[in-house]
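Chemist: One structure, pasted below without further comment.
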Amino acid sequence: TLIAAINNMRANPSAKITYKIMGESTIEEEKDENNEVISEKVIEKTYTYTVNGEWTPIGTKDNPFAGRIIADKDATITISKADVKFISAGEYGGTISGLFGYLSNDAYISNVIAQGCTYTGSMVGGIAGYANGAKIVNCTVKNSTLTTTKYAGGIAGYGFGIIEDCSTEMNKIYVTND
């Protein structure tokens with residue numbers, strides 16, 4: 001299950017485990033009175049975890065997330081309504097906040113959606129607070145609030161790597177002096 005996979009990611013963030021998210025679209029057909037198909041709608045496979053509370057970022061500076069979340073093109077993981085806490089940024093100073101705190105250069109994340117989440121820290125990103133050479137593909141952050149004292153990004157707060165085909169929608173980013 002999705003929750004079991006998330007718990008495993010938390011327990012073993014630096015393990016180079018591949019989490020394969022399978023999708024199997026179905027087609028919903030609308031037919032007329034003669035049983036002729038007049039329209040088709042593709043229904044994608046979505047896995048949703050509504051947190052409704054605190055979320056601790058996955059991966060720390062000393063134990064960054066190095067796994068791979070590989071989703072079929074028609075499958076997504078949605079994490080919603082998470083109050084994302086912050087973790088220490090170590091010698092960088094400040095705090096990191098994101099669904100994933102630290103991503104190593106081995107990390108690969110695809111088809112993750114953060115929706116209606118709140119984040120606070122000095123390096124804040126909707127998917128990752130700090131991305132150290134990771135690859136983030138086809139991810140979306142929407143209707144979320146990011147509050148920072150230094151760095152913020154809709155997808156990644158700070159770092160370097162590849163961000164490809166990602167989007168942000170209707171987010172609020174606040175920069176404060178504290």
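The values are calculated or read from the model by the stated rules, or taken from the named source; none is laboratory data. This structure is a prediction, so every number in the text was calculated from the model and none was measured. For neighbour counting, all protein chains shown are included, and Cβ atoms are generated from backbone atoms with ideal geometry for every residue, glycine included. Surface areas here come from the heavy atoms of the whole protein model, side chains and all, with no ligands, DNA or RNA. Shrake-Rupley method; radii C 1.70, N 1.55, O 1.52, S 1.80 Å.
Chemist: Within region 43-60, which residues are modelled with pLDDT of 90 or more and either open to solvent by 50 Å² or more (accessible area, probe 1.4 Å) or of a type in the set (S, T, Y) (or both)? Before the answer, list the steps.
Modeler: Of all residues in region 43-60, those modelled with pLDDT of 90 or more come to 50-60.
Correct list: T50, N52, E54, T56, T60.
Chemist: On to the next question. Please verify whether G116 is closer than 19 Å to S80 by Cβ and open to solvent by 10 Å² or more (accessible area, probe 1.4 Å), treating the condition exactly as stated. Working first, answer last.
Modeler: Numbers: closer than 19 Å to S80 by Cβ: yes; open to solvent by 10 Å² or more (accessible area, probe 1.4 Å): yes.
It is true that G116 is closer than 19 Å to S80 by Cβ and open to solvent by 10 Å² or more (accessible area, probe 1.4 Å).
Chemist: Just the residues that are among the β-branched types (V, I, T), open to solvent by 10 Å² or more (accessible area, probe 1.4 Å) and under 17 Å from V51 (Cβ atoms), please, taken from region 80-110. So that I can check it myself, show each step before the final result.
Modeler: Initial filter on region 80-110 (among the β-branched types (V, I, T)): 84, 87, 95-96, 109.
Restricting the remaining residues to those that are open to solvent by 10 Å² or more (accessible area, probe 1.4 Å) gives 87, 95.
Within region 80-110, just I87 meets the criteria.
Chemist: Shifting gears a bit: Residues being acidic (D, E) and at positive phi: count how many of those fall in region 155-178. Reasoning before the result, please.
Modeler: Here is the first cut: in region 155-178, the ones acidic (D, E) are 164-165, 169, 178.
Now narrow it down to the ones that are at positive phi: 165.
The total comes to 1.
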